[in-house]
Structure formats: C-alpha cells, structure tokens
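The values are calculated or read from the model by the stated rules, or taken from the named source; none is laboratory data. Remember, predicted model here, so these are calculated numbers, not experimental data. Positions of Cβ are backbone-derived with ideal geometry, glycine not excepted, and every protein chain shown enters the neighbour counts.
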Amino acid sequence: MKVVLLAGGFGTRISEESQFKPKPMVEIGGMPILWHIMKFYAYYGFADFVICAGYKQEVIKDWFANYFLHSSDVTFDYRNGRNEMHVHNSSCEPWRVTVVDTGLNTMTGGRIKRIREHVGNERFFMTYGDGVCDVNIAKLLDFHKAHGKLATLTAVKLGQEKGVLDIGGDNAVKSFREKNLIDAPPVNAGFMVLEPGIFDYIDGDSQPFEREPLERLAKDGQLMSYIHKGFWQCMDNVREKQTLEKLLEIGQAPWKVW
C-alpha cells in the first residue's frame, strides 16, 4: 500500500519558517517533520510514499535528491581526470518516494485527485505532512478492512484549556470546573485509509477534501472514524514546533516508535 502525504500548502501560520520552505520540511530534532511521519509509517511496513507537493516543491525534491548522499559515507575520486563516487556505508532508509507537483493553489481534494495515477486502483493511506501521531497503523488498517466502507479517518479528542461554567438564569455562576477530554468533540487527525472510490467524490482542484468530499462520503454512509485515544499533535505554529522539539529532546516523543 502507498502512503499519500499532503505537503503542498503555504503554512502561513508558521510563516517564520515557511517563508523559506514548505511547512512539512520544517525540522524538529534536526529532520523535517515529513521525515518523521514517513519513518512512522515505515515502522509498520509501509514505505512507498507519494508526496503531494506544491508551494516551494523544489525544496522537497532537492532534499530527497540529496538524501542518499547525505546519509552515506562516500569517497570522491578525482584522480586521473575521473569523477567517481564510492559509497561505503549508508543509513538511508529503503523507501520509494514519488514527489508530485500538484499545483501552487490547489486545495487538498484537488491534490489527492491529481495523484490518482500513482496509486491506481488500490487502497492507500493518506495524511497531512504537518502532524505526528502514535496511532497503531496496523490496527487502523484492520478496522478499515473490517467495515468495508470507502474511507476511514483517525479521530482524536484534544485537551481543552478553558474552564467549564454552569451559568444560571440570573447570570450567576453556579459551578466551575476545568475542561477535560469528555467536553471535547472528536477532530479529524488525518491518518486515513482510503479506497480508490473516493476519487469519484472529488470534483477538481478548487475542492478541499475536508469539505464536500468527506461530507458526501459521510452522507452516503461511506465514512468511518477510528477513535484514537493516544497522542496526536499538528505543527501549525512556532509554539507547537517547540512542543515537539521538547518531546524529542527529553526522549518522550510518542510518535518515535522506530
């Protein structure tokens, strides 16, 4: 199965770094967050990736073009007018990576539609290139296969920071307590399993996958949620990047299962 990664957006909410590179290429722990996501999927045995690039797509292509060289011990031999390179050892992962320019202003649905030829008529994973999670991919896939629908998304509940007030008719606060996960509605964390039939739900470049396509799938009874009670964190801003960096620094990064 292929893993499709959305990596083409502008990342305006983390513009401090995304002005120079696509948000999925922003580094945590010295490596792009995109690499962390790929390492996570590869741990479960899925190492055939299709990256939906767009904004500054050349940065992604350049990084992977040089990845093998930068992960290897090499000898460059220029003697006798030659230009030879000998690889001694390499720590490069055994991945297959297809980077597709899916357009600068294309919405998420359009990006998925544009890589149809690269996944063919096969089931595939799909997620966003800016969030990490510790969901069990094998169990997620088993859940998807069991229900037989076209799409499964991973749903998580996020902790809330604001307190809960019980306010009476006279505007008096009757009680107060800290908000917890029970109060939080499930949100789409990505980490989806999709059947090729979902392409028929996407009209074109201007369509966000999270709007009409998922809404229609839900209406048709073809969308299921896999409830994940563990860790999930996107990287929308510098504060969230620093949170992920700290988890790596102290050795408590839940997504680092490899």
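Quick notes
- Some residue of the stretch 17-28 being farther than 23 Å from G197 by Cα, in a helix (DSSP H, G or I) and touching a strand residue (DSSP E or B) at 6+ places or on another chain (Cβ under 7 Å): yes
- Among residues of the stretch 18-60 being in contact with a Gly (Cβ under 7 Å, 6 or more places away or on another chain) and among the small types (G, A, S), the one that is farthest from L104 (Cα to Cα) is S18.
- When G190 is tested against (1) within 17 Å of the chain's Cα centre (by Cα); (2) at pLDDT 95 or above, only condition (2) is not met.
- Identity of the residue in the stretch 220-242, aliphatic (A, V, I, L, M) and in contact with an Asp or Glu (Cβ under 7 Å, 6 or more places away or on another chain), that ends up surrounded by the most Cβ atoms within 10 Å (Cβ to Cβ): M235
- Filter pass, G109 being in contact with a helix residue (DSSP H, G or I) (Cβ under 6 Å, 6 or more places away or on another chain) and small (G, A, S): yes
- Enumerated strands (runs of 3 or more DSSP E) restricted to the stretch 90-183, each holding at least 3 residues that are at pLDDT 90 or above, under 17 Å from the mean Cα position of the chain (by Cα) and buried (at least 21 other Cβ atoms within 10 Å of the Cβ): 124-128, 131-133, 151-156
- Within the stretch 45-63, the residues that satisfy the criterion of being more than 17 Å from the chain's Cα centre (by Cα) and touching a residue at least 12 places away in the same chain (Cβ under 8 Å) are K56, V59, K61, W63.
- Looking across G45, G54, G11, G29, one residue alone is modelled with pLDDT of 95 or more, among the small types (G, A, S) and out of contact with any Leu (no Cβ under 6 Å at 6 or more places or on another chain). It is G45.
- Being out of contact with any strand residue (DSSP E or B) (no Cβ under 8 Å at 6 or more places or on another chain) and within 21 Å of P196 (Cα to Cα) is true of G45.
- Screening the candidates F209, F199 for the property of being under 20 Å from the mean Cα position of the chain (by Cα), modelled with pLDDT of 95 or more and within 27 Å of Y43 (Cβ to Cβ) yields one hit, F209.
- Of all residues in the stretch 243-252, those satisfying the criterion of being of a type outside the set (D, E, K, R), surrounded by 12 or more Cβ atoms within 10 Å (Cβ to Cβ) and without any contact (Cβ under 8 Å) to a residue 60 or more places away in the chain are T243, L247.
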